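Heads up, the thing below is written out as structure tokens.
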Amino acid sequence: MKKHTRKPLCPVSKNFYSTITDRVRDSLRSVGREDAAEATMGCIDRYMADGTLPPGGSDAATILVFNLLRIEIDKALQRSRRARQRAAERVADAARKHREPAAVAAVSAPAAAEQDVDSDDAEDEEPEPFRPRNRRERRLYEQEVRRAANRLRRRLARQ
């Protein structure tokens, strides 16, 4: 079994972080200050981790590049925060659905035959069609439809 090591979470996406790193190196290389790239990335890392600004005695090139990229970093931090929040909500919803008994969202055709046809409400309201979000939901829905059809078939056979 493959074991995964836990890496510290970067507060932004890997793609954004690599883009920022490349831009810092290219910017400082074009100005002739390649030696300030590590210090600048250190300032950016600290800012992303806990929001601290570069110290006042930092190099002018470091402060300049940091301030130019700060708006983009803030947007990326906010975007990543929202994405992680949405992911946590999806996990919580999945856990809640897993704890609750499985229920089919829509009425299947065999189950509709079991309902009272003379009811005015049944004629007026059309149930929404079931739209599964993934293969597992579709499989569970089809399984429930088959079970309902078998129950109806057994009930009709007894009569």
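The values are calculated or read from the model by the stated rules, or taken from the named source; none is laboratory data. Since the structure is predicted, the reported quantities are computational estimates derived from the model, not experimental observations. No Cβ is skipped: glycine too gets one built from the backbone with ideal geometry, and neighbour counts run over all protein chains shown.
General observations
- Among the residues making up the range 35-52, those that are out of contact with any Ser or Thr (no Cβ under 7 Å at 6 or more places or on another chain) and in contact (Cβ under 8 Å) with a residue 12 or more places away in the chain are Ala37, Ile44, Tyr47, Met48, Ala49.
- Residue within the range 93-113 that is assigned by TED's automatic domain parsing to the domain that holds Gly42, modelled with pLDDT of 90 or more and small (Gly, Ala, Ser) present: no
- Check on Arg131, under 21 Å from the mean Cα position of the chain (by Cα) and at pLDDT below 80: yes
- Candidate set from the range 33-69 (those that are in a loop (DSSP other than H, G, I, E, B) and either more than 31 Å from the chain's Cα centre (by Cα) or among the small types (Gly, Ala, Ser) (or both)); member that is modelled with the lowest pLDDT: Gly56
- Restricting the first member to the range 60-89 and to residues that are touching a residue at least 24 places away in the same chain (Cβ under 8 Å) and assigned by TED's automatic domain parsing to the domain that holds Ile20, and the second to residues that are part of a helix (DSSP H, G or I) and loosely packed, with under 13 Cβ neighbours inside 10 Å, the beta-carbon pairs closer than 9 Å and six or more apart or on different chains are Ala61/Val31; Val65/Val31.
- Members of the range 13-34 that are of a type in the set (Val, Ile, Thr) and either in contact (Cβ under 8 Å) with a residue 24 or more places away in the chain or surrounded by fewer than 13 Cβ atoms within 10 Å (Cβ to Cβ) (or both): Ile20, Val24, Val31
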